[in-house]
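K.L.:
I have a structure here, written as structure tokens, and I will follow up with some questions on it.
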Amino acid sequence: MTHEPLVLGIETSCDETGVGVVAGRRLLADALASSVDAHARFGGVVPEVASRAHLEALVPAVDRAVADAGVRLSDVDALAVTSGPGLAGALLVGVAAAKAYALALGRPLYGVNHLAAHVAVDQLEHGALPDPCVALLVSGGHSSLLLVPDVTHDVRPLGATVDDAAGEAFDKVARVLGLPFPGGPHIDRAAADGAADAVAFPRGLTGPRDAPYDFSFSGLKTAVARWVEAREAAGEPVPVADVAASFQEAVVDVLTAKAVRACREQGVGHLLVGGGVAANSRLRALAQARCEAAGIRLRVPRPGLCTDNGAMVAALGAEIVARGHAPSALDLPADSSMPVTSVLA
Ligand code: KG4
Ligand code: ZN
């Protein structure tokens with residue numbers, strides 16, 4: 001292959017049906033269909049509802065992505081699909097469809113890790129990833145600190161959440177505050193009018209004997225709920241903006257402190273922040289300030305590339321193709337608990 005590989009990527013691990021098309025590190029199309037509205041009244045993603053929505057949205061999304069990219073399906077050099085981790089039934093829809101397209105088109109298929117794809121997507125915006133980099137991945141399903149010597153085959157976990165994911169904490173606290181699902185963007189907006197130091201909420205796992213790179217958000221979530229309940233029991237109004245700002249500060253303080261510490265201790269000069277929570281305005285600002293102070297270069301994709309999408313899968317697939325790694329076998333699984341250390345199924 002002498003030209004930049006044209007790769008179509010399919011993402012169906014949660015509630016976004018994403019289909020992206022890239023040429024090497026250039027983004028050509030990023031079609032997205034979300035079932036988030038169908039889950040809103042349940043306050044969280046309902047797996048069966050997500051799977052059904054993927055079934056309906058996938059083929060139209062592929063058609064739209066190919067049209068937006070100005071290419072034909074037969075031009076595609078390779079396909080990539082999220083093999084895991086994620087919701088089993090949701091993953092299965094994407095993996096089965098990707099196998100069908102690969103077989104029909106006679107093109108290789110790469111089953112890739114969703115977390116590595118969240119890292120690789122940044123190449124579409126900021127060029128080749130420095131090696132190594134530290135990646136802080138924060139979303140509704142995961143919160144991890146990774147050392148990434150090579151996103152195509154060497155991703156090492158440094159730490160992860162021991163309970164709730166960061167986005168899950170945003171969603172649960174939003175519910176306590178009467179804000180809609182998914183709560184992250186609503187807390188972000190509400191916090192803009194509040195004081196981050198209004199309430200001193202706890203910072204989980206920051207004691208001297210705590211695991212330096214692990215996270216815990218469930219104690220924080222409970223602390224917010226108790227604080228709000230106490231106000232309500234006393235018949236006092238809940239200052240939503242102040243609680244949102246103070247909660248948000250507690251989350252991003254810990255995330256950024258641990259990420260910068262990981263860079264320093266691992267001797268790494270670049271931090272990448274990705275996943276849906278990386279869309280948070282305060283996380284982006286505090287990460288920028290702390291990285292600057294520590295002499296670390298920060299890379300954060302634009303918010304639309306931080307939340308789940310197909311472009312990230314295509315981006316990782318294209319990098320894997322460019323490095324000449326062998327494709328996955330056509331019996332590759334949908335692996336709901338795919339470990340972060342396996343980039344390629
Ligand atoms: O990466 P993503 O789209 O899906 C998962 O893989 O989970 O992340 C979704 C999560 C949700 O929990 C949502 O509340 C959170 O990202 N999120 C935010 C913001 N935008 C999305 N959290 C905080 N601030 C935001 N601006
Ligand atoms: Zn994700």
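The values are calculated or read from the model by the stated rules, or taken from the named source; none is laboratory data. Remember, it's a predicted structure, so these values are computed and weren't measured experimentally. In this analysis, Cβ positions are derived from the backbone assuming ideal geometry, glycine residues included, and neighbour counts consider all displayed protein chains.
K.L.:
All but one of (1) in contact with a helix residue (DSSP H, G or I) (Cβ under 9 Å, 6 or more places away or on another chain); (2) part of a helix (DSSP H, G or I) hold for Ala230; state the number of the condition that does not hold.
P.N.:
For Ala230, the failing item is (1).
K.L.:
Select, from Leu271, Leu255, the only residue that is buried (at least 24 other Cβ atoms within 10 Å of the Cβ), modelled with pLDDT of 95 or more, of a type outside the set (Gly, Ala, Ser) and away from ligand 2 (no atom under 16 Å from the Cβ).
P.N.:
Leu271
K.L.:
Return the residue satisfying two criteria in turn: it lies in region 30-44 and is touching a residue at least 60 places away in the same chain (Cβ under 8 Å) and touching a strand residue (DSSP E or B) at 6+ places or on another chain (Cβ under 6 Å), and of such residues it is surrounded by the fewest Cβ atoms within 10 Å (Cβ to Cβ).
P.N.:
My answer is Leu32.
K.L.:
Please verify whether Ala262 is touching a residue at least 60 places away in the same chain (Cβ under 8 Å), assigned to a helix (DSSP H, G or I) and either away from ligand 1 (no atom under 14 Å from the Cβ) or out of contact with any helix residue (DSSP H, G or I) (no Cβ under 9 Å at 6 or more places or on another chain) (or both), treating the condition exactly as stated.
P.N.:
yes
K.L.:
Quick check on region 197-210. Is at least one of its residues β-branched (Val, Ile, Thr), in a helix (DSSP H, G or I) and surrounded by fewer than 19 Cβ atoms within 10 Å (Cβ to Cβ)?
P.N.:
no
K.L.:
Scan (1) within 16 Å of ligand 2 (Cβ to nearest atom); (2) closer than 30 Å to Ala322 by Cβ; (3) not aliphatic (A, V, I, L, M) for the single condition Thr152 breaks and write down its number.
P.N.:
Single failed check for Thr152: (1).
K.L.:
From the list Ser143, Ser139, which one is hydroxyl-bearing (Ser, Thr, Tyr), closer than 30 Å to Leu286 by Cα and touching a Leu at 6+ places or on another chain (Cβ under 8 Å)?
P.N.:
After applying the criteria, what remains is Ser143.
K.L.:
Is it the case, given these coordinates, that Arg25 is among the basic types (Lys, Arg) and touching a residue at least 40 places away in the same chain (Cβ under 8 Å)?
P.N.:
yes
K.L.:
Can you pull out the residues in region 164-185 that are part of a loop (DSSP other than H, G, I, E, B) and in contact (Cβ under 8 Å) with a residue 40 or more places away in the chain?
P.N.:
Correct list: Asp164, Ala165, Leu177, Gly178, Leu179, Pro180, Phe181, Pro182.
K.L.:
What number of residues in region 287-305 are basic (Lys, Arg) and more than 18 Å from Gln266 (Cβ to Cβ)?
P.N.:
Qualifying residue count for the region: 1.
K.L.:
Give me the pairs: first residue in region 293-313 and within 16 Å of ligand 1 (Cβ to nearest atom), second residue assigned to a loop (DSSP other than H, G, I, E, B), beta-carbon distance under 7 Å, and six or more apart or on different chains, which are they?
P.N.:
Going by the 7 Å Cβ cut-off, the qualifying pairs are Pro301/Val121; Leu305/Val121; Cys306/Gly275; Asp308/Ser13; Asp308/Cys14; Ala311/Val121; Met312/Val121.
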